[in-house]
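Input: a single structure, listed below in structure tokens.
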């Protein structure tokens, strides 16, 4: 390196990286290229963090309406300038403008298999909704409620002492003021994992027995049995919630557990045909929508044999 | 992106960026050149990357000031030329930190307002691109299609918009609301981009 790069040039490149990653998606090739660039200078890492933070912060805008008052004249002008494409743009803007108060404060989210959705809420909170989940968020002036009909979601709750945030999962209630936690429905009851702060949980009809679940803890709450709280540790909870980044991180999970995890996200199901094989444990990091990578890894490292059909990956002892 | 990094990025956007203008103001009072301010800011952000967890940080504002101060002290040690003013300012850091910290209760609401103002202040097509990307959630390819322009133009608008937004954040909230209040400011912003 002959000459020291200016801070301004670094800022410029960081912004170009953000735009490019947003356009092309973060695949392994691009990630390697980015890592190589970042490794060149500490200042690049700082500039990239800053640009990324500003860019991601704008995701909060998804609860806003497109600018209304001054958009119409602007749109007319653009329509003249760019012809056919402009019409589509104005239609989109008009549809966006129809968002009413109700639409802003009540949100229904229904995810398909394999879909993971980040939904910023109008109170400043964030919901990340996992595969095959149905939730309804209702932000009232005195109370914020989320009904989790099925599936799993993680919430980062904006602090507002005057407006508690309550998740209803069947008979289970989880209350937070400003904190971050996930709730996953079970056949009966729910699993609660806390990533920040403290939440309270109880069952409907048993309001005398409220349990407190803290940062790093996992609790199982159900009307049929006394609640259990286990201190899993923050890292372990983060690992279990890796789906928020579209990942499955295995760390000593059995192949059977891993398979059922992948099967939550994909139509083509992984079936471990051999019970002995199913009990083996595995360590690795995979994308939720890439069961094939897991199957390949297992066949390569454990000497197993895989058969791929239209509906399943069948895994046998090699 | 792993989860702890995602958390740091969100935390920086929510809790640190809003204080960047103040840190810059403090640095300008104590440092030699504007060029060096930018270096210090980048290195201070880089220090935040080593955080595993942010829940123990009661005042992100103070934390960021302290990170910037550590970078300045590092620079001072290397340069060997220490200006008296710098030393005074560094020692005066505690005074800066005593300013009332913003009320946390309405943090989410405030952040939303900030985002609204930042996007509203962008010049015409650039603002439209940001609205379609961030409010309507359309991918860049779809935005290009709907606006009848190439994907490269949209990607360039994303860079331009970031440049203006980061500049607004660097100058502070007041500059943002001023920019949002006067439409002709858009034109000036566009002119400035040329240099």
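Odds and ends about this structure:
- Among A:48, A:286, A:181, residue whose mean-square fluctuation peaks in a GNM of chain A (springs only between Cα atoms under 10 Å): A:48
- Ranked list, fewest to most other Cβ atoms within 10 Å of each Cβ, for B:122, B:166: B:166, B:122
- Cβ-based exposure ranking for B:4, B:50, in which fewest neighbours within 10 Å come first: B:50, B:4
- Between residue A:147 and residue B:171, the C-beta separation translates, for a Förster distance of 41 Å, into a calculated FRET efficiency of about 0.40.
- Rounded, prolate or oblate (a/c below 1.5 giving rounded, otherwise prolate when a/b exceeds b/c) for the range A:157-199 by Cα gyration tensor: oblate
- Chain A, helix-only ellipticity at 222 nm - DSSP H runs n ≥ 4, -39,500 (n - 2.57), divided by all residues, nearest 500: -10500 deg cm²/dmol
- Counting beta carbons within 10 Å around each of B:24, B:128, A:239 and listing the fewest first gives the order A:239, B:24, B:128.
- DSSP assigns beta bridges within chain A; of those with both partners inside it, close to 90 percent run antiparallel.
- Rounded, prolate or oblate (a/c below 1.5 giving rounded, otherwise prolate when a/b exceeds b/c) for the range A:164-302 by Cα gyration tensor: prolate
- Overall form of chain A per C-alpha gyration tensor (a/c, 1.5; a/b vs b/c): oblate
Any read-out appearing in this document is the output of simple, stated calculations on the displayed coordinates, not a laboratory observation. This one's a predicted model, so the numbers in the text were calculated from it and none came from an experiment. Here Cβ is always computed from backbone atoms with ideal geometry, including for glycine, and neighbour counts include all displayed protein chains.
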